[in-house]
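Let me begin by presenting the structure, written as structure tokens, before commenting on it.
The values are calculated or read from the model by the stated rules, or taken from the named source; none is laboratory data. The structure displayed is predicted, hence computed values, not measured ones. Here the Cβ is made from the backbone with ideal geometry for all residues, glycine too, and neighbour counts use every protein chain on show. Just so you know, the surface numbers come from the protein's heavy atoms only, side chains and all, with ligands and any DNA or RNA stripped out. Shrake-Rupley method; radii C 1.70, N 1.55, O 1.52, S 1.80 Å.
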Amino acid sequence: MPLSGTRPRKRLTRAESRAQTRATLIAVGRRHFLRYGLGGAVAEKIAEDAGYSRGALYANFDGKEELFVAVIQEEQARHLNVFRSLLKEEPSSKKRLKKIRDTIADLMTDHDWIVLRAEFEVGALRSDRIRQSFVEVHRQQLRDGSELVRDLLRSPEVTLKLKPDDFITVITNLAHGLAVTQRILGAELSQKSTRNLVQSLFDHLMSSA
């Protein structure tokens with residue numbers, strides 16, 4: 001007999017169950033891609049570690065490449081939400097700019113993101129299918145990033161030396177390149193120095209009076 005006051009667990013709808021399955025596969029896939037890389041990760045092992053059958057993975061994704069792209073898209077969405085929250089919560093244009101700059105430096109030098117983004121680039125160079133996904137993700141990043149930049153530029157105190165799209169292209173790709181080099185060189189180029197370089201690049205391109 002159930003304890004008094006307890007409620008039966010709500011049964012998930014088919015859509016909710018599917019969303020939960022996808023979220024779990026993405027989370028476990030992320031761990032596998034970080035550990036083994038896109039080439040070394042095995043779809044069946046990802047499904048097993050997530051607690052699902054091989055068929056469940058293929059019912060939600062057309063193989064590990066599509067799962068990998070879903071991991072990248074989720075990371076990009078998380079980054080976007082962080083930036084949107086900063087813009088919404090900070091009324092001062094000068095402080096908003098500094099927080100955006102520092103957050104870009106933090107995210108671009110995050111170890112997990114460096115590895116995932118580098119895997120995405122290598123995959124795009126080797127596979128036409130992944131290359132097309134890379135192009136689509138890049139275009140979405142430009143749209144989202146440009147929207148954030150235009151929000152910053154609504155303040156007359158903020159100035160930008162490039163067009164919003166060009167700024168996003170430069171800041172994300174140069175920052176990522178620096179971060180990858182730092183991870184390879186280690187102590188020869190410290191993470192702190194890399195962050196400072198990314199911040200300096202940002203300040204050179206965008207500033208507040």
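Structure data summary
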| read-out | value |
| --- | --- |
| In Hz, Karplus ³J(HN,Hα) per residue of region 35-45 (6.51, -1.76, 1.60; θ = phi - 60°; x = Gly, Pro) | 7, 10, x, 5, x, x, 5, 10, 4, 4, 5 |
| Cβ charges +1 (Lys, Arg) and -1 (Asp, Glu), total dipole of region 108-209, debye | 120 |
| Given charges at Cβ of Lys, Arg, Asp, Glu: region 99-199 dipole, positive-most of Thr103, Leu142, Leu189 | Leu142 |
| Region 30-53 and region 165-179: distance between their alpha carbon centers, rounded to Å | 29 |
| Accessible area of region 135-209 divided out per residue, in Å², using a probe of 1.4 angstrom | 57 |
| Region 49-153 - percent of accessible surface contributed by carbon and sulfur, probe 1.4 Å | 49 |
| Reachable aspartates and glutamates, given that their alpha-carbon falls under 14 Å from the alpha-carbon of Lys94 and they are not under 8 places away in the same chain | Asp102, Asp151, Glu157, Asp203 |
| From phi via Karplus (6.51, -1.76, 1.60), per-residue ³J(HN,Hα) for region 12-21 in Hz, x at Gly/Pro | 6, 6, 4, 5, 5, 5, 5, 5, 5, 4 |
| Mean separation of Cα contacts under 8 Å (6+ apart) over length of the chain, as relative contact order % | 20 |
| Shape category assigned to region 124-209 from the gyration tensor of Cα positions, a/c cut at 1.5 | oblate |
| Lys, Arg +1 and Asp, Glu -1 on Cβ, resulting dipole of region 1-160 about Cα centre, debye, nearest 20 | 600 |
| Computed Kirkwood radius, in angstrom, where 1/r is averaged over Cα pairs of the chain | 19.2 |
